[in-house]
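Enquirer: Okay, here's the structure, questions in a sec.
The values are calculated or read from the model by the stated rules, or taken from the named source; none is laboratory data. Computed from a predicted structure; not experimentally measured. Positions of Cβ are generated from backbone atoms using ideal geometry, with glycine treated the same way; all protein chains shown enter the neighbour counts.
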Amino acid sequence: MNIELKILDWFQTLHTPVLDKFMVFVTSLGNAGILWIVLTVLFLTIPKMRKTGAVMAAALIIDALLCNVVLKNLVARTRPYDVNTGVQLLVSKLHDYSFPSGHTAASFASVAALYFAGEKKLWKPTLVLACLIAISRLYLYVHYPTDILGGVLLGLVAGYLGYKLVRLLENKISGRKNGGEQDERRKYNVNRTPVDDFSDPRNH
């Protein structure tokens, strides 16, 4: 933890008024995952992007459950500013635990969801934004480096699981639809009479 605090202290040497405002703005994009939620809703309203939106929604839900419900309470790690109380924060103190970084996890869950959904033009710029959000958490002294690393890994896993879940549901729905069509064909063939076969032009 001492090494991690030294890394965070090094980030404090980079502070300038302009960079402070920029990092506060960047980190605000990830507050409560609002940016990613808005993108998800937007994609769900666009027919061609609906599957991508579904993958992102599944990824964010899985991420929220694993990160905020399970891991944060299980690990119960104290925030770095509660250890180094002399640091001057640029954002309000948070009331949950430190590990893993929720901002980072949600960001990388969205990036992974876009990647696995095949959105080649979207996942790369969102990766850049996700990295900036992750760095902002270190700059603002609200997370340890290992919190960020844990958030990255959790986000990637959540994105993959979200993609697999949507594919599974998609296959089940497709299978039921095809199964229903086959049942209708069987019923039609069983109910056909010789007269029907004779009158069918395909039998002449």
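Enquirer: Is there any pair with a first residue in segment 138-158 that is part of a helix (DSSP H, G or I) and a second that is basic (Lys, Arg) whose Cβ atoms are under 8 Å apart and which are 6 or more apart or on different chains, and what are they?
Expert: Once the first residue is part of a helix (DSSP H, G or I) and sits in segment 138-158, its partners that are basic (Lys, Arg) give ASP147/ARG77; ASP147/ARG137; ILE148/ARG137.
Enquirer: I would also like to ask the following. Quick check: anything in segment 78-97 within 21 Å of the chain's Cα centre (by Cα) and not in a helix (DSSP H, G or I)?
Expert: Initially, segment 78-97 is screened for residues within 21 Å of the chain's Cα centre (by Cα), giving 96-97.
Then drop every residue that is not not in a helix (DSSP H, G or I), which leaves 96-97.
Within segment 78-97, one or more residues are within 21 Å of the chain's Cα centre (by Cα) and not in a helix (DSSP H, G or I).
Enquirer: Okay, next question. Looking at this structure, is ALA105 at pLDDT 95 or above and crowded, with 17+ Cβ neighbours inside 10 Å? Please lay out each step first, then the result.
Expert: Working: at pLDDT 95 or above: yes; crowded, with 17+ Cβ neighbours inside 10 Å: yes.
When the stated conditions are applied, ALA105 passes them.
Enquirer: So if I check each of LEU138, LEU132, which one is under 29 Å from PHE43 (Cα atoms) and not charged (D, E, K, R)?
Expert: Working: LEU138 fails: under 29 Å from PHE43 (Cα atoms).
Step by step, each of LEU138, LEU132 is checked, and only LEU132 is under 29 Å from PHE43 (Cα atoms) and not charged (D, E, K, R).
Enquirer: A further question on this structure: Being touching a Gly at 6+ places or on another chain (Cβ under 7 Å) and either under 12 Å from GLY159 (Cα atoms) or at pLDDT below 95 (or both) is the filter here; which residues of segment 31-55 pass it? Give the steps one after another, and end with the answer.
Expert: Narrowing segment 31-55 to residues touching a Gly at 6+ places or on another chain (Cβ under 7 Å): 40, 43-44, 55.
Answer for segment 31-55, where residues must be touching a Gly at 6+ places or on another chain (Cβ under 7 Å) and either under 12 Å from GLY159 (Cα atoms) or at pLDDT below 95 (or both): just VAL55.
Enquirer: Follow-up question, since we're still on this one. Restricting the search to segment 1-31, which residues are surrounded by 16 or more Cβ atoms within 10 Å (Cβ to Cβ) and in a loop (DSSP other than H, G, I, E, B)?
Expert: GLY30
Enquirer: Please determine, by comparing only the residues of segment 65-100 that are touching a residue at least 24 places away in the same chain (Cβ under 8 Å) and hydroxyl-bearing (Ser, Thr, Tyr), which one is farthest from THR126 (Cα to Cα). Give the steps one after another, and end with the answer.
Expert: Here is the first cut: in segment 65-100, the residues touching a residue at least 24 places away in the same chain (Cβ under 8 Å) are 66-68, 71-73, 75, 77, 79-81, 83-84, 87, 89-91, 94, 96-100.
Those still in the list that are hydroxyl-bearing (Ser, Thr, Tyr) too: 81, 97-98.
Details: TYR81: 28, TYR97: 26, SER98: 24 Å.
Among those that are touching a residue at least 24 places away in the same chain (Cβ under 8 Å) and hydroxyl-bearing (Ser, Thr, Tyr), it is TYR81.
Enquirer: When segment 98-129 is examined, which residues are found to be within 24 Å of ASN73 (Cα to Cα) and either part of a helix (DSSP H, G or I) or touching a strand residue (DSSP E or B) at 6+ places or on another chain (Cβ under 7 Å) (or both)?
Expert: Our first condition is that a residue be within 24 Å of ASN73 (Cα to Cα); within segment 98-129, this holds for 98-110.
Within segment 98-129, GLY102, HIS103, THR104, ALA105, ALA106, SER107, PHE108, ALA109, SER110 meet the criteria.
Enquirer: Considering each of ILE34, ILE46, ILE62 in turn, give the residue that is surrounded by 12 or more Cβ atoms within 10 Å (Cβ to Cβ), over 18 Å from THR146 (Cβ atoms), without any contact (Cβ under 8 Å) to a residue 12 or more places away in the chain and among the β-branched types (Val, Ile, Thr). I'd like the intermediate steps shown before the answer.
Expert: Working: ILE46 fails: surrounded by 12 or more Cβ atoms within 10 Å (Cβ to Cβ); ILE62 fails: without any contact (Cβ under 8 Å) to a residue 12 or more places away in the chain.
The unique qualifying residue is ILE34.
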